[in-house]
Amino acid sequence: VIDPGHGSVDGGASQNGVREEPTNWAIATALKAELQSYWGVKVYLTRGSSEYNSNSGRARQGLVLGADLVVSVHNNSGVAEAKGIEVYGTINPSYSKITESIGKNICKNVSALGLVNRGYKTRQSGNDARRDFYTFIDEGARAGIPSIIVEPVAPTSVAVIYPVRFSLFALIVTDSED
């Protein structure tokens with residue numbers, strides 16, 4: 001299951017006139033199209049274009065659909081100079097090894113394309129050290145589905161990088177179980 005982060009009233013970050021929500025949508029739909037070209041692969045999106053779905057709802061859709069993994073696509077906008085890719089996974093011991101393996105492999109393969117590898121990361125909740133900071137990841141683990149957030153570059157750079165590399169990003173996700 002692919003989650004195009006944000007949507008509708010939650011447009012995400014914006015830098016230099018580039019909004020995160022439509023950028024996430026473009027990446028997620030291209031990723032879906034690429035993955036569906038593989039025999040036996042079923043791919044679902046958590047929302048339609050410009051629809052809103054809660055973070056907990058996005059992760060739980062994976063359970064309903066029988067997903068092996070839920071990937072939420074966002075774009076890093078924490079700082080204007082953010083470049084490259086980072087992947088967030090869970091601290092939940094039931095899924096921490098698989099999300100770490102997938103996350104590190106995605107980062108490694110993307111860095112082989114010449115992008116900055118910002119690494120695999122986890123972030124625990126400030127309120128409860130046993131829970132993940134990101135509701136999407138925490139709800140995924142609680143629903144029994146490994147869930148990761150993939151944050152490629154800042155929205156200002158995504159328009160330059162991804163039209164050329166949509167397919168490569170899809171292959172990186174596909175190959176990450178090696």
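Observations
- Computed E for S96/L65 - FRET, C-beta separation, R0 25 angstrom, nearest 0.05: 0.65
- Listed peptides 111-120, 98-107, 61-70 appear in the order 98-107, 61-70, 111-120 once ranked by packing, highest mean of other Cβ atoms within 10 Å at the front.
- Under a 5 Å amide H cut-off, with hydrogens placed 1.01 Å from N, F133 pairs with R123, Q124, S125 among residues at least 5 apart or on other chains.
- For the stretch 59-138, the fraction of 1.4 Å probe accessible surface lying on carbon and sulfur atoms is 48 percent.
- For Y88, the accessible area of its heavy atoms, probed at 1.4 Å with every protein chain present, is near 30 square angstrom.
- Residue-by-residue Karplus 3J(HN,Hα) for the stretch 97-103, coefficients 6.51, -1.76, 1.60, Hz, glycine and proline x: 5, 5, 5, 5, 4, 5, x
The values are calculated or read from the model by the stated rules, or taken from the named source; none is laboratory data. Being a predicted model, the structure only gives us computed values, none of them experimental. Counting neighbours? That spans all protein chains shown, and the Cβs are built from the backbone with ideal geometry, glycine included. Keep in mind that these areas ignore ligands, DNA and RNA; they rest on the heavy atoms of the full protein, side chains included. Shrake-Rupley method; radii C 1.70, N 1.55, O 1.52, S 1.80 Å.
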